[in-house]
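The values are calculated or read from the model by the stated rules, or taken from the named source; none is laboratory data. Small disclaimer: the values here were computed from a predicted structure and weren't measured. Backbone-built Cβ (ideal geometry, glycine too); neighbour counts: all protein chains shown.
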Amino acid sequence: MAGYILKRLISAIPVLFGISIIVFVIMAMIPGDPATAILGSYATPENVEKLNRDLGLDKPMVLRYFIWLGNMLQGDFGRSFSLNREVLDEVLERFGATLVLAGTAFVLCSILGVAAGVVSAARQYGFADKAITFAVLLGISIPSFFLGMMMILIFAVQLRWFPVSGMWPIYGARDLSALISHLTLPALALAVVATGVIARLSRSAMLEVLRQDFIRTARAKGVHERSVIWRHALRAAMVSIIPVLGVQAGFVLSGAVYIEMVFQWPGVGRMLVDAILKRDILLVQGGVVFVAACYVMFNIAVDVAQSMLDPRIKT
Amino acid sequence: MGFLSLLARNRLALGGLIVMILVVLLALVTPLLPLADPDVTNTAERFQKPFSDGALLGTDHLGRDLLSRLLWGTRLSLAVGFAAAIMAATIGAAIGIIAGFYGGRTDNIIMRGVDMLMAFPYILLALAIVAALGPGLMNALIAVAAVNIPFFARNIRGITVGIAHKEFIDAARLSGMNNAKIILSEVLPNVIPVIVIAMSTTVGWMILETAGLSFLGLGSQPPQADLGSMLGEARSALITNPHTSIVPGAMILIIVMAINLLGDGVRDALDPRLKSGALSRPMPATMVRRDGPIPTADDDALLALRGLKTQFHVKDRVYKAVGGVDLSVRPGECLGVIGESGSGKSVTALSIMGLVASPPGVITGGAVHYKGEDLIGAPYEKLRSLRGDRIAYIFQDPLATLHPLYTIGDQLIEAVRAHHGMGRAAARAHAIDLLKSVRIPNADKRVDSYPHEMSGGMRQRVGIAMALANEPEVIIADEPTTALDVTVQAQILSLLDDLRRDRGLAIIFITHDFGVVAQLCDRVAVMYAGKIVEEGPTNVILNAPAHPYTSRLMACVPELGQGRRELAAIPGLPPVVDNLPEGCAFADRCQKVREGCRAGTIALAAHGASQRVRCIAPETALPEVSA
Amino acid sequence: MTTALKLTNLSKVFEVGKRMFGPAKALVRAVQPTSLSVEHGETLGIVGESGCGKSTFARMLVGLLPASTGEIEIDGEPLDNADPALFGKRIQYVFQDPISSLNPRKTIRQIMEGPLKHLHGMAHAARTERIREIFAAVNLREEFLDRYPHEFSGGQAQRIGIARALAADARILILDEPVSALDVSVQAQVLNLLADLKEKLGLTYLFISHDLAVVEAVSDRVAVLYFGSVVEIGPADQVFAHPKHPYTKLLAESAPVVGRALTAPEGRETELPDPLNPPNGCAFKARCAFASKECGLEPPRLEQQSDGVWTACYHPLSGSK
């Protein structure tokens, strides 16, 4: 098992490399030069040239890439001009907030989605199945940002159960209960879409598995139906559900961008959108590479979980 | 034709279709409608409530008419969403087909690239692309299409790999077609339904995504607005004037929901597996809907089937797979049931313990008496307690019938513990004993193996061990050696024969092979079109078959040691069981067919001392009845 | 008789665990170098159990798989294995699974036109005429031409598969388990049709099957394959009646036969050798009652016994019993 994890980690190196190249190339396509953007329209040509030299922008692209990569590997992601702060510090701080939000939503949607899918499949065409199917359809059809806005309107403005926005109260203690009350609405809004997708795929994976011959064998052995569903069928269905969870984690992370905007959550998504609108390239580059790298690591964890579940995968 | 009627049958999809037609029509005629200019601001009239004068849906923060903006925005959102979907589907499918068809290094390199793109949470890539190209609706469209290409490529590649390995591709190659022709005329027509399904289920998603980028201010730029940017602009007035948010938000919801309903309908209509209702979940026990009298136990057989009828109800068709079967087996006896595919032999075997998949299977008549007690319609818990304990099964394909993710030890232990409260350690020791009893070498090591680590023959031994786990009285073996090689089959058959003699097991052995029946079974029943046409002691039937079907079937099986020869084939095909003829089902293929054959049901009548036959003109004359 | 098909040292090695760059992790020899020849008008039966390499062998003969070594000659002319279309005119293939060998989205007419159009460049009218002739030859009704494959039973679909092979106008047919997906009553129909066609059209068959009785019933000569090598080859009436190789004997005794008592011909519970880790010498030695030290050194070569039977065994069984 340890060997397998090591193997997967090594195989992630070219992927991370590729990610950095893709990000770098996309960013290099930006028309105009960053120096002008930084200095604004009052810049003199001499100023621009000097800044370009300072930023290393006069060097050939390949060399620039390796300098950027080398710096990044040493923890130097550059400095954000719009925030006047180290990119890495900003990204780390913001990513923590995003992790709290997206992580909670991911746990919620995994548990709810799989459970709903299993129940739905086990009661195919029954009332529970129809109700879940409809709820799922609603979930995958509603834009998460609209859902978030409606939640604010109903639960924060009308009912006053939860705060309208932010991660912490402006005044008062930053304790767990404060966090939970701030987190509830955005996490739920974020989880809804992914729950729908996971429930749908879990349902069809379960239906697929329940038709397999080994389910008939389990029944022929006289195994209790509860155990047929939750032990035999779900375990086999997890083989196709787990990769979906991996993909959905990416979707949750993506959806977090909208939810952070709606709920003013101080996460990395909002930071990126602001940075793009301000053309703060280094911040965008650093943020994207960092989050993508974390996502790659997460997917390795998913693969490892998969290999522990399925003995047919060679470890 | 078939597609549209299938789609129309799905009421939800039809609803989605109607809503979509309305929305698209509205979007198309928007320029012709007498609407206010969507971009003209009038701050004096800002935040008008809906249903106010001159603004049916009210106005926004700049006093622009919301209805007009909504319709123009819808037009824009639909166009962008569809364009992105078509772009992503076309490029993604092309990449997927090429990778999947050529395989090898081409595939490897392309898919590494795709994996690389999928290593991003998709919005990061979209944000990076928008950052590079600059905010704008066209750029948002490109970004959304680009990030979805890998999903299409991967999906279509998977399908293409499956098709590229089909034999008809080889056949096309041997017909002289080159790769380009094969891709266009053999692969593409088989992939297009999948592309259509993938597209119809993602258009809604694309609309959401482009709206999302606009919502963030990275898509359509003011004053032009799509639904997303309307929502984005309205956000600051969410609390004071919620209608400016609700109007565009609800529109997105309606559109995407309608598209998703329609997409599901398209998928169901195009996916052949769903067409036949095959994606139904089989219930724990076969459905029972018996009409007519229920036969009572009339003899002392261990297990007796009386007038058993099992049907498959698929849509409006009824397949009479088993049309009234009488069989019985005594302790220590091996009964062979022989027939061709579709004769109902396996369905008969599965009906005994209610294991016929249901839906679509229904037991519609008859009884199964185990020690005089009727199992058909017995409560589930009763059935479950007998399954695997008193009456056990061995199935055909030992790889598919064992759970792939549990060790064979776990599966054996479970078989025991489902019925007997045995500790895990004791159960494990018992499992090892079972493996030894089916002559698996190194049983104490093999007990921790997974099914995929064993050969077909060894897996079938595990299947047998599992059936023996609770020392049952009856074993029902459904073609247990059909998937095996002859040398392995010989080993398994001799194992089964030894076991039944040592343990006094009753066996019902389903097969299509006369050689196997001859070697293993005491008695044999021959099935044709869901009915037993002949039954009796094996040596009598094999030496003097009374039913023309039996004798002709035996004649057309080549047997080793008879050399090269012409085979006596039976002309025609077996009847389809949803449209059985009146009278004898074999009449159309029978050389001896005569007037009475098609007139009414023919009974399974005694023929001599030990045989029974369903024929009015048996092959062998009745032996003289001594007075 | 003249030689229709001659193979010299044909073999196939598969690479297992291919990487993007660099060599594969392991090599599996699916077919050992094999030399065979088939005469015009002859049916050569090839029997073997799963994993013996018989399908790999067959696919090489029609160019669907490139051979690793060796040559294929048809009517004395060598064929390079670059283009399946060149093979197509001379040698055709009938597949095991009749349904999956027909494109589900094409009508039978479109399927039948493939070889006529692409191999022979026939015009529309000529194609229609030719299809009519072929359909008459395989006893299929012309109204079937405008239907789709899923509307046919296995037996009918296999007739269509045979018809397509005939449309290429090849004289040699590779029949890869052509009846094993069919029920016995339909199997006999197809076997008889194949025999008819062979006589009428002067075809040469390579008939591959796992069913000894079927092979014996249709073949002139039979080759027995074990673990990628021919272990015995000879006249059909000799090979199973008087097996010389212990494996052939085991096969013949394992086949269930009416009127023979049930005995396990092998005392031990044995398995096939591991292809990733092939044994030295004779591949059958672990299952063989006569194995000696010699058998573990060098794989035995095919040597002629009496009466035209060739066997690859150091201890061939004495003939008559």
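Please tell me if A:Ser20 is surrounded by 14 or more Cβ atoms within 10 Å (Cβ to Cβ) and either modelled with pLDDT under 75 or over 30 Å from A:Pro311 (Cα atoms) (or both). Yes.
B:Ala99 - would you say it is more than 11 Å from chain A (Cβ to nearest Cβ), crowded, with 23+ Cβ neighbours inside 10 Å and within 37 Å of the chain's Cα centre (by Cα)?
So B:Ala99 passes the test.
Kindly establish whether B:Leu22 is at pLDDT below 85 and not small (Gly, Ala, Ser). Can you show your working first?
On the way: at pLDDT below 85: no; not small (Gly, Ala, Ser): yes.
Criteria not met by B:Leu22.
When region B:183-233 is examined, which residues are found to be assigned to a helix (DSSP H, G or I), of a type in the set (Asp, Glu) and away from chain C (no Cβ under 14 Å)? Within region B:183-233, B:Glu209, B:Glu233 qualify. Here B:Glu381 fulfils each of the conditions (1) crowded, with 20+ Cβ neighbours inside 10 Å; (2) among the acidic types (Asp, Glu); (3) at the interface with chain A (Cβ under 10 Å from one of its Cβ atoms) apart from (1).
Annotation: B:Gly176 fulfils all but one of (1) within 11 Å of chain C (Cβ to nearest Cβ); (2) within 32 Å of the chain's Cα centre (by Cα); the unmet one is (2).
Identify the residue in region B:234-255 that is surrounded by 24 or more Cβ atoms within 10 Å (Cβ to Cβ) and touching a residue at least 24 places away in the same chain (Cβ under 8 Å) and, among all such residues, is farthest from the other protein chains (Cβ to nearest Cβ). It comes out as B:Thr244.
Table: residues versus (1) more than 10 Å from every other protein chain (Cβ to nearest Cβ); (2) in contact with a strand residue (DSSP E or B) (Cβ under 9 Å, 6 or more places away or on another chain); (3) more than 30 Å from A:Val164 (Cβ to Cβ); (4) crowded, with 22+ Cβ neighbours inside 10 Å.
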{"position": "A:Thr184", "(1), (2), (3), (4)": "yes, no, no, no"}
{"position": "A:Ala189", "(1), (2), (3), (4)": "yes, no, no, yes"}
{"position": "A:Val193", "(1), (2), (3), (4)": "no, no, no, yes"}
{"position": "A:Ala199", "(1), (2), (3), (4)": "yes, no, no, yes"}
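Contact map, region B:549-570: first residue within 7 Å of chain C (Cβ to nearest Cβ), second residue of a type in the set (Lys, Arg) and assigned to a loop (DSSP other than H, G, I, E, B), Cβ cut-off under 9 Å, separation 6 or more or different chains; pairs are B:Pro558/B:Arg565. The one condition from (1) touching a residue at least 24 places away in the same chain (Cβ under 8 Å); (2) in a loop (DSSP other than H, G, I, E, B); (3) under 18 Å from B:Leu573 (Cα atoms) that C:Leu140 does not meet is (1). Can you tell me which of (1) more than 14 Å from chain C (Cβ to nearest Cβ); (2) outside any loop (DSSP other than H, G, I, E, B) is the one B:Gln396 doesn't meet? If we test B:Gln396 against (1) more than 14 Å from chain C (Cβ to nearest Cβ); (2) outside any loop (DSSP other than H, G, I, E, B), just (2) comes out false.
Give me the residue from region A:144-173 that is touching a residue at least 12 places away in the same chain (Cβ under 8 Å) and loosely packed, with under 15 Cβ neighbours inside 10 Å and, out of that set, farthest from B:Ser245 (Cα to Cα). Once the filter is applied, the top-ranked residue is A:Pro169. For the condition free of Cβ contacts under 8 Å to residues at least 40 places away in the same chain, within 8 Å of another protein chain (Cβ to nearest Cβ) and of a type outside the set (Ser, Thr, Tyr), A:Ala178 does not qualify.
In region A:235-244, is there at least one residue being at the interface with chain B (Cβ under 8 Å from one of its Cβ atoms), under 26 Å from B:Ile239 (Cβ atoms), assigned to a helix (DSSP H, G or I) and not acidic (Asp, Glu)?
Taking region A:235-244 as the starting set, the residues that turn out to be at the interface with chain B (Cβ under 8 Å from one of its Cβ atoms) are A:235-236, A:239.
Going one step further and asking which of them are under 26 Å from B:Ile239 (Cβ atoms), we end up with none.
No, that holds for no residue.
Among the residues of region A:204-225, those identified as out of contact with any His (no Cβ under 7 Å at 6 or more places or on another chain), part of a helix (DSSP H, G or I) and at the interface with another protein chain (Cβ under 10 Å from one of its Cβ atoms) are A:Ser204, A:Met206, A:Leu207, A:Glu208, A:Val209, A:Leu210, A:Asp213, A:Arg216, A:Thr217, A:Arg219, A:Ala220, A:Glu225. Among the residues of region B:610-627, those that are modelled with pLDDT of 65 or more and not basic (Lys, Arg) comprise B:Ser610, B:Gln611, B:Val613, B:Cys615, B:Ile616, B:Ala617, B:Pro618, B:Glu619, B:Thr620, B:Ala621. Quick check on B:Ile532: is it touching a residue at least 12 places away in the same chain (Cβ under 8 Å), within 12 Å of chain C (Cβ to nearest Cβ) and buried (at least 24 other Cβ atoms within 10 Å of the Cβ)? Taking the combined requirement at face value, the residue does not satisfy it.
Going through (1) aliphatic (A, V, I, L, M); (2) more than 9 Å from every other protein chain (Cβ to nearest Cβ); (3) within 18 Å of C:Ser50 (Cβ to Cβ); (4) without any contact (Cβ under 8 Å) to a residue 24 or more places away in the chain one by one, B:Ala483 falls short only on (4).
Scanning region A:121-135 for residues that are within 10 Å of chain B (Cβ to nearest Cβ) and part of a helix (DSSP H, G or I), which turns out nearest to B:Pro248 (Cα to Cα)?
Step one: filter region A:121-135 for residues within 10 Å of chain B (Cβ to nearest Cβ), giving A:121-125, A:129, A:133-134.
If we keep only those that are part of a helix (DSSP H, G or I) as well, we get A:121-122, A:129, A:133-134.
Working: A:Ala121: 35, A:Ala122: 38, A:Asp129: 31, A:Thr133: 25, A:Phe134: 22 Å.
Residue satisfying both the conditions and the ranking: A:Phe134.
Residues are listed down the side, and each one gets a yes or a no for (1) closer than 26 Å to B:Val516 by Cβ; (2) touching a residue at least 40 places away in the same chain (Cβ under 8 Å); (3) within 13 Å of chain A (Cβ to nearest Cβ); (4) of a type outside the set (S, T, N, Q):
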residue	(1), (2), (3), (4)
B:Arg317	no, yes, no, yes
B:Arg330	yes, yes, no, yes
B:Val337	yes, yes, no, yes
B:Ser351	yes, yes, yes, no
B:Gly361	no, yes, yes, yes
B:Ser385	no, no, yes, no
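The number of residues in region A:27-56 that are crowded, with 16+ Cβ neighbours inside 10 Å and modelled with pLDDT of 70 or more comes to 5. Filtered by the rule that a residue be crowded, with 16+ Cβ neighbours inside 10 Å and among the basic types (Lys, Arg), region C:24-53 gives a lone residue, C:Arg29. Taking the criterion of being in a helix (DSSP H, G or I), more than 21 Å from B:Glu167 (Cβ to Cβ) and modelled with pLDDT of 90 or more, the residues of region C:110-130 that qualify are C:His124, C:Ala125, C:Ala126, C:Arg127, C:Thr128, C:Glu129, C:Arg130. If you go through region A:265-301 and keep only what is within 16 Å of the chain's Cα centre (by Cα) and free of Cβ contacts under 8 Å to residues at least 12 places away in the same chain, you end up with just A:Ala301. Please determine whether any residue of region B:269-283 is in contact (Cβ under 8 Å) with a residue 12 or more places away in the chain and under 20 Å from B:Gly136 (Cα atoms). So far as region B:269-283 goes, no, none of its residues is in contact (Cβ under 8 Å) with a residue 12 or more places away in the chain and under 20 Å from B:Gly136 (Cα atoms).
Looking at this structure, is A:Leu69 modelled with pLDDT of 85 or more and either touching a Leu at 6+ places or on another chain (Cβ under 6 Å) or within 12 Å of chain B (Cβ to nearest Cβ) (or both)? For A:Leu69, the condition - modelled with pLDDT of 85 or more and either touching a Leu at 6+ places or on another chain (Cβ under 6 Å) or within 12 Å of chain B (Cβ to nearest Cβ) (or both) - is not met. The set of residues in region C:107-154 being within 28 Å of C:Leu86 (Cα to Cα), under 25 Å from the mean Cα position of the chain (by Cα) and surrounded by fewer than 18 Cβ atoms within 10 Å (Cβ to Cβ) consists of C:Ala137 alone.
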